[in-house]
1. What are the residues in the range B:189-213 that are touching a Phe, Trp or Tyr at 6+ places or on another chain (Cβ under 6 Å) and closer than 11 Å to residue B:320 by Cα, if any?
2. Looking at the range B:212-237 only, could you name the residues that are within 16 Å of ligand 1 (Cβ to nearest atom) and charged (D, E, K, R)?
3. Please enumerate the residues belonging to the range B:352-368 that are assigned to a helix (DSSP H, G or I) and either at the interface with chain A (Cβ under 7 Å from one of its Cβ atoms) or surrounded by 14 or more Cβ atoms within 10 Å (Cβ to Cβ) (or both).
4. Can residue A:243 be described as more than 7 Å from every other protein chain (Cβ to nearest Cβ), over 21 Å from residue A:330 (Cβ atoms) and charged (D, E, K, R)?
5. Residue A:198 passes all but one of (1) out of contact with any helix residue (DSSP H, G or I) (no Cβ under 7 Å at 6 or more places or on another chain); (2) closer than 28 Å to residue A:140 by Cβ; (3) of a type outside the set (S, T, N, Q); (4) assigned to a helix (DSSP H, G or I); which number fails?
6. Hey, among A:545, A:575, A:555, A:559, which residue is within 30 Å of residue A:394 (Cβ to Cβ), more than 26 Å from the chain's Cα centre (by Cα) and open to solvent by less than 20 Å² (accessible area, probe 1.4 Å)?
7. Against the condition free of Cβ contacts under 8 Å to residues at least 60 places away in the same chain, crowded, with 16+ Cβ neighbours inside 10 Å, facing chain A (nearest Cβ under 9 Å) and not aromatic (Phe, Trp, Tyr), how does residue B:338 come out, does it pass?
8. Confirm whether residue B:101 is open to solvent by less than 10 Å² (accessible area, probe 1.4 Å) and away from ligand 1 (no atom under 12 Å from the Cβ).
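The values are calculated or read from the model by the stated rules, or taken from the named source; none is laboratory data. Quantities reported herein were computed from a predicted structural model and do not represent experimental measurements. Using ideal geometry, Cβ is built from the backbone for each residue, glycine included, and neighbour counts are taken over all protein chains shown. Ligands, DNA and RNA are stripped out before the accessible areas are found, and what is left, the full protein with its side chains, is counted by its heavy atoms. Shrake-Rupley method; radii C 1.70, N 1.55, O 1.52, S 1.80 Å.
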Amino acid sequence: MAERHLPTQELERVTIRFAGDSGDGMQLTGTQFTRTAAVFGNDISTLPDFPAEIRAPAGSLPGVSGFQLSFSSTDIHTPGDQPDVLVAMNPAALKANIGDLPAGGALIVNEDAFTPTNLHKVGYAENPLHDGTLSQYTVFPIPISSLNARSLDGLEMSNKQIDLTKNFFALGLMFWLYERSMDPTLRWIEDRFKARPVIAEANARALKAGYAFGETTEMFHTHYRVAPAHLPPGRYRNITGNEATALGFVAASRKSGRPIFYGSYPITPASDILHLLSGYKHFGVKTFQAEDEIAAIGSAIGASYGGALGMTGTSGPGIALKSEAIGLAVMVELPLVVIDVQRAGPSTGMPTKNEQADLLQVLFGRNSDSPVAVVAPATPGDCFDMAFEAVRIALTYMTPVIYLSDAFLATGAEPWLIPSVASLPEIGVENRTERAGFHPYDRDPKTLARPWAVPGTPGLEHRIGGLEKADVTGNVSYDPDNHHRMQLLRQAKIAGIANDIPELTVFGPQRGDLLILGWGSTYGSIRSAAERLQATGQSVAHAHLRHLNPFPRNLGTILSNYRRVLIPEINLGQLALLVRGRYLVDAISYDRVRGKPFRITEIVEAAEAALEGKTVS
Amino acid sequence: MTDRAIATPPTAPTPLEPPALSPANQAVLTQLTRKDFVSDQEVRWCPGCGDYSILAQTQKVMPDFGYPKENIVFISGIGCSGRLPYYMNTYGFHSIHGRAPTLATGLKAARPDLMVWVITGDGDALSIGGNHVLHSMRRNVDIKLVMFNNRIYGLTKGQASPTSELGKRTKSTPDGTIDHPIMPLSVALAAEATFVARSVDTHTEHLQQTLERAGRHRGSAFTEVLQNCNIFNDGAWRSFTDREVRDDRMLVLEHGRPMLFGKDRDRGIRLRGLHPEVVQLGVDGVAEDDILVHDEHAEDPYLAFMLSRMFFPDFPVPVGVIRDVERPTHDELLSAQLAAAVEQRGEGDLEKLLNGGETWTVEPDDRP
Ligand SMILES: Cc1ncc(C[n+]2csc(CCOP(=O)(O)OP(=O)(O)O)c2C)c(N)n1
Ligand code: SF4
């Protein structure tokens, strides 16, 4: 085959969206492209987007599964507002995603799937490939299914099995278009299908056929290159938020010498943390799939009572079930980490979609004043650090800590600079063994933590429980003044953590016209928006909270340094409510709850409106 | 069926081993008495409540297990029964309504060296906590669950409980409850409990023996104690537990012995088809050989289940150990999996774990 020498165009950043039926393997395709780009040295950011139904009817709109990834030669923070290229494997995928493709964008479609039946299924009266409706895009209709089938000629496979490999054809084509090596994926195929050589051969052939198609066809006139990114030196791996979370907990377990006990009940998008930790038994990690969320947290409290690092993980609906037990942990003052991987909507909501609307639930969703520490990671890689931090706070202060991740962080990926074990701090925690002067509710004067006296320690036999405690002795008490004092003490203990966490830092001018304040997974969009606004000379700064209870000590001062404060959130103004209440700052809320991360442009527009003093809507 | 019941029982399960102790500690232990298990807290149940007796028998049997008292933990839910841990001079955790088995599961998983008791009531265990009782039993979590059954909600002042008899009039059921009662022992058996027993608060000797058996069982031990709430449900069990009638109305089970009862031990239980039947020795040619022999260790639960459903007035109420079989415990299996993982993969190496998967190195460069 004669090689065609095509011009190569250098690009700084490319955003691709793979979309197809949920049975089409789009998540796998996206992940493989991500790995390859990451290993090449690009900065990357991903946004998987899949239906909650395991198998919605094939070819239907609810069955569309997508995976967007952005790779770049510069530092990026988001998976991109809009794709440059949309790969649509069928009419449903086209219909569901075309609205996001900007004019001039490239559209690669599997022409074979545009049959009258499939078109009819999603309500296309005419074939959009022929009726001129796609004229504003650069369309590449490719008979992917049939070309792919031909390349697998001679393999002993059913037609259905053959059809399942067409995603690799599409992937191969994209590898050719963006000058990416097929080797990492070929290695992966070989490894994955070791036991099934025919399947391995078919996938490898499909991948190569797609690549060769790009090379030989006259369809594409250019290909593109995105140079490696300029990242801080060191060793990297590609990591999702849930992976980083699990690693952070294992690291904290090692650094504190406390074995993990993780009690959990499966729920999207938190289940992967249970799956991952279950594979770390050789690290002394004990996992327990409980009968429900209440049992999960009960078991974690029991394990902490015994001296282990008790942890439990769930999503919003599960937190609702755990509330009573979180209150118990507040009362008995035991260390406990409660993971909430937030998802969209009240009740069952939209299980696979993103939202950050459990903040008020975890802060206040319990009976009485029941203070707990709350932390929230900002990016998939930051999940490692904040998981570690959650454990540190729980052990140091003998308190439940809520770790607020979300669906976007959990499944999104980015390159992660791997820390050395030596660089991680030790978490020193002792159990009380000294009998003299022991009282279960004595407090460390600095942290206000009570002693952790675990069963098995002679001479320290004592009783704890959910009934109000007498200060110091821990005996049951109905004394009114004691109750008042204990409520204040519990509150003061959590408030005091502010002296032990980093002050909030500001990106951009230290005083000025506008501060954009955010928390959680909106970090990337807000930071990119701030960069854009600053680049146009605007006086706009960004600060991002990773500690939500208590807030960093200097938050009030920072807020007072700007004319206006804008708080974008994927909820209906929860942080804004807290900031307004706590600091009497007239913060402007900017909220979008669509089950998706913010677009950068949305925040830029909101910030511009805020700068001009217009209402943001 | 009859054959099975009469067949020689398998050897008794190994009793729970106390932890290895130094000779000095052993000496201290042998000196432990009931008093060592009495805490400094004032007991606050209604005068005359059956809970006092259960507490006293519990304190009495504690020295027998050979466990140092710091290695014993009492976990309770909410209800009058839930106060018991405060009165034991051991470690104790008064948790939330119905959830004690969950705390016990986590504690036992983290600390297999502890002896863990769960104290619960009929409402606590079978209403709000039904799910947890079920699952702790099927997992064979090594907990000794003692359920105080007074057929009423005591702490909340007298509402119907899941064991209240049909038609029971209470504050919440002024026209009589229409909910069919639950048979606790049947539930425990259905949940695969490896030890199931019943005793009565006022039968102190029997209660003590039963608690001791429960304490020595390795695995999930479910013990129902028929308890009198003299304030809200006085005399709930009197019709068959009173001294004057109990010989005729209760069946004291003993392993390997025929199921005989009555003052003169002249009545017994025979199997007729699939049903138990009360028969009189010597009448219609009934001989002792016709009487069912109790086999605690029968692997299949059929006869145990039958016993769990026998109740006054149709039958004498069985008390004692209904079932006692061996199965690996949850914490043993969990610990074994951890040990196997270390064996196969070596002690976890954090540096390796963090650097797992595909990695690449970014060299320092001098681009701006
Ligand atoms: C979540 C919750 N719901 C309800 C209660 C109120 N409550 C306390 S004890 C109890 C019932 C106790 O009945 P039982 O278990 O039979 O115990 P007893 O008091 O009879 O020993 C109830 C409903 C509670 N404490 N917590
Ligand atoms: S209410 Fe009933 S169960 Fe509770 S302490 Fe009083 S007598 Fe005992």
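1. B:196
2. Within the range B:212-237, B:224, B:234 qualify.
3. Those that are assigned to a helix (DSSP H, G or I) and either at the interface with chain A (Cβ under 7 Å from one of its Cβ atoms) or surrounded by 14 or more Cβ atoms within 10 Å (Cβ to Cβ) (or both): B:353, B:354.
4. Working: more than 7 Å from every other protein chain (Cβ to nearest Cβ): yes; over 21 Å from residue A:330 (Cβ atoms): yes; charged (D, E, K, R): yes.
So residue A:243 fits the description; yes.
5. So residue A:198 meets the others, but not (2).
6. The unique qualifying residue is A:559.
7. It is true that residue B:338 is free of Cβ contacts under 8 Å to residues at least 60 places away in the same chain, crowded, with 16+ Cβ neighbours inside 10 Å, facing chain A (nearest Cβ under 9 Å) and not aromatic (Phe, Trp, Tyr).
8. yes
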